[in-house]
Amino acid sequence: MFNYYELLKQFISTDFKLRYKNSYLGIIWIILKPLATFAVIYLIWSNIFKMDADYKMGLLMGIMIMNMFSEGVLNGLTSLMSKAGVILKINFSREVVVISAVTISLIDFFINMIVFAIFSLSTPVHPTFIGLLLFLMAIVSVFLLVLGLSFFSSIIYIRLRDIHNLTIVILQLIFWMTPIYYQLEMLPLNLQRYIKLNPLTLIVTYARKGMINGAGVRGEDFLQLGIVFLIPVILFTAGLIFFRKKITKIAEYF
Amino acid sequence: MELDKPIIELKNIKKNFFLPHEKHDTFIEYFSHPERLFRRAGEQYEVLKDVDAKIYPGEFVGIMGRNGSGKSTLLKILAGIYTPTSGKVITRGKMVPFLELGVGFNPELSGRENVYMNGIILGMKKRDLQKKYDEIVAFSELEKFMDAPLKNYSSGMQVRLAFSIAIMADAEIYLLDEVLAVGDVAFQQKCFEVFRKYKSDGKTVILVTHSAGSVKEFCDRALFLKDGVLHDLGSIDKVIEAYING
């Protein structure tokens, strides 16, 4: 569409502007908040539990990915509803609303990456070029996964407000069903099988591997992640079709 | 004019809304009547029963009708926000709807930031907005206030800013809903000049209003909407008469 991209940029930049409006430190919070949050986690796990370097950085990476996932899912879910005032007054490509909401969580992730880089000064990570490719592929698959889900949930949310509360509970469940604080190998074998069914398990695993232990990345890792990658791609395509079909009929239910 | 294709065609537009008959929002209420989870009690309420119209390029058309006659629903269908229950809308040209001024305005953002937000939502390019920015501010007479947050503007100032952005939107068709009633007399005069300019530029304008004066002054043609049916009574005077007599 004619100004798809301009609209996307405008929605995203407005969101960031509003977030830090009326605060004294303003835009500095964008770095300060994750820095402080990560410092707490990092200090606890290195001083109290004395975990090794790879574990600590893997923990940060896992939390970052799960944050992107949960915030993206919630942003996406409420995206149409929160723009109801605009949607009911003017006709434009509604997809932009959902895409911008989810992209905000992706941008937050990359801002967190700066903080991750700061921590890696004291606890080095070992990415390689190939490792970074695997890492990026994992991040893109989270993005598409969230976007695909949001194309469904943002529409359903307008008719069925219950899914907001439900989603918060499910996100908690998904968080603990993904090896973030624990390692997959710690679990009994029969439980491991179920945890592996969660696509985020493999996504987080390969994102960590690519970023923290790049030298260990093999061709089969790409293949495995590639198979997982199909889920977001299918979900995204199905979501977009669903969204385009339903969006024209949804306006009167806002 | 007969040679032209209509720029807007409305063909047998009907629009129903679901009108619930009983209130049942809580779990207990569902629990006592589980079937209502799937079928709510209520009826289909016909807001628009039969709307047929052809509007030609360059026409300035007024639509009058009492409250609840379906004017806003009709405008939303024209703007592509609602889909009609049945019937068809054909538009041939770029349309900018002004169902409300200042769409996307955020009270926390400054006047300047809101100009860009609203302008881009109206389909303008950021580059063009930058070029026209001074013109927008000058028209609104708000030069001193552009860096203040919108929440500190009076409602009159907000409307002035919104209107000044709106008139920069370039389109072939404009949908205007009751926006004539903005600002003081001097600002209204400025707005009327804009309408005259639309007219002399050969733009197509659909104006929904309660003001017989505006219809008389600007419109080439008027349509009367009553109980969901759009009547073409032949002349503007007849429409105004019908409107006044209900």
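Read-outs: derived from the displayed coordinates by stated rules, not from any lab. Here the structure is a predicted model, which is why all the values come from computation and not from measurement. Virtual Cβ from ideal backbone geometry, glycine too; neighbours counted across all protein chains shown.
Points worth noting:
- The number of residues in region A:138-166 that are hydroxyl-bearing (Ser, Thr, Tyr) and within 15 Å of A:LYS249 (Cα to Cα) comes to 2.
- Looking across region B:52-93, the residues that are of a type in the set (Lys, Arg) and either surrounded by fewer than 22 Cβ atoms within 10 Å (Cβ to Cβ) or in contact (Cβ under 8 Å) with a residue 40 or more places away in the chain (or both) come down to B:LYS54, B:ARG66, B:LYS71, B:LYS88, B:ARG92.
- Comparison of B:ILE136, B:ILE165, B:ILE173 shows that the only residue that is out of contact with any Phe, Trp or Tyr (no Cβ under 7 Å at 6 or more places or on another chain) and more than 14 Å from chain A (Cβ to nearest Cβ) is B:ILE136.
- Condition met for A:ALA251 (within 14 Å of another protein chain (Cβ to nearest Cβ), touching a Phe, Trp or Tyr at 6+ places or on another chain (Cβ under 8 Å) and aliphatic (A, V, I, L, M)): yes
- The residue of region B:228-246 that is surrounded by the fewest Cβ atoms within 10 Å (Cβ to Cβ), among those that are of a type in the set (A, V, I, L, M, F, W, C) and touching a residue at least 12 places away in the same chain (Cβ under 8 Å), is B:ILE244.
- Filtered by the rule that a residue be charged (D, E, K, R), away from chain B (no Cβ under 11 Å) and either under 16 Å from the mean Cα position of the chain (by Cα) or not in a helix (DSSP H, G or I) (or both), region A:74-115 gives a lone residue, A:ASP108.
- Every residue from region A:121-143 that is among the small types (Gly, Ala, Ser) and assigned to a helix (DSSP H, G or I): A:GLY131, A:ALA138, A:SER141
- Residue tally, condition outside any loop (DSSP other than H, G, I, E, B), more than 10 Å from chain A (Cβ to nearest Cβ) and within 22 Å of A:ILE247 (Cα to Cα), over region B:84-120: 6
- If the condition is being loosely packed, with under 12 Cβ neighbours inside 10 Å, touching a helix residue (DSSP H, G or I) at 6+ places or on another chain (Cβ under 8 Å) and away from chain B (no Cβ under 14 Å), then region A:11-48 contributes only A:LEU25.
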